[in-house]
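Structure, as structure tokens:
Every read-out reported here was derived from the displayed coordinates using simple, explicitly stated rules and does not represent laboratory data. What you see is a predicted model; the values in this text were computed from it and never measured. Here the Cβ positions follow ideal geometry from the backbone for every residue, glycine too, while neighbour counts run over all protein chains shown.
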Amino acid sequence: MMEDIVTTGLSSREAIKAITHAGGEVVAAGCLIDRSNGAADLGVPLYSLARLEVPAYAPDALPPELAAIPAVKPGSRAN
């Protein structure tokens, strides 16, 4: 199974489930960018071209340089 970007692994797990449901066997996953830095558990090995560690902050604990920038929710999910 191949993805562009993996953050939590939710989309990857959904794709793996769909492939399995259709009779396929997923033996590994690949992505261009792994924003989980290896933490996403897909149930199969995950290979990436690059791994990034993307920190998350509580709204009241943002560094000043980030607090000055308007927040934008990334990703393809509406919620």
Distance in nm between LEU32 and LEU49 label points, each 7 Å along Cα→Cβ, equals 0.6 nm
Measure off 7 Å from each Cα along the Cα-to-Cβ vector at ALA68 and ALA56, then give the distance between these two points in nanometres to one decimal. 2.7 nm
Test of understanding: what is the full-extension gain from ARG77 to LEU10, defined as 0.36 nm times their sequence separation minus their Cα-Cα distance? 23.1 nm
Placing +1 on the Cβ of each Lys and Arg and -1 on the Cβ of each Asp and Glu in the chain, which of ALA18, LEU66, LEU52 has its Cα farthest towards the positive end of the resulting dipole? ALA18
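To the nearest 20 Debye, how big is the dipole of the range 2-55 about its Cα centre, given +1 on the beta carbon of each Lys and Arg and -1 on that of each Asp and Glu? Spell out each step's value before the answer.
Numbers: 4 positive and 7 negative charges, 8 e Å.
In debye, rounded to 20, the range 2-55 gives about 40.
What value, in deg cm²/dmol to 500, does the helix sum -39500 (n - 2.57) over DSSP H runs of n ≥ 4 give at 222 nm once divided by the residues of the chain?
Details: 2 runs with 16 residues, N = 79.
Rounded to the nearest 500, the figure is -5500 deg cm²/dmol.
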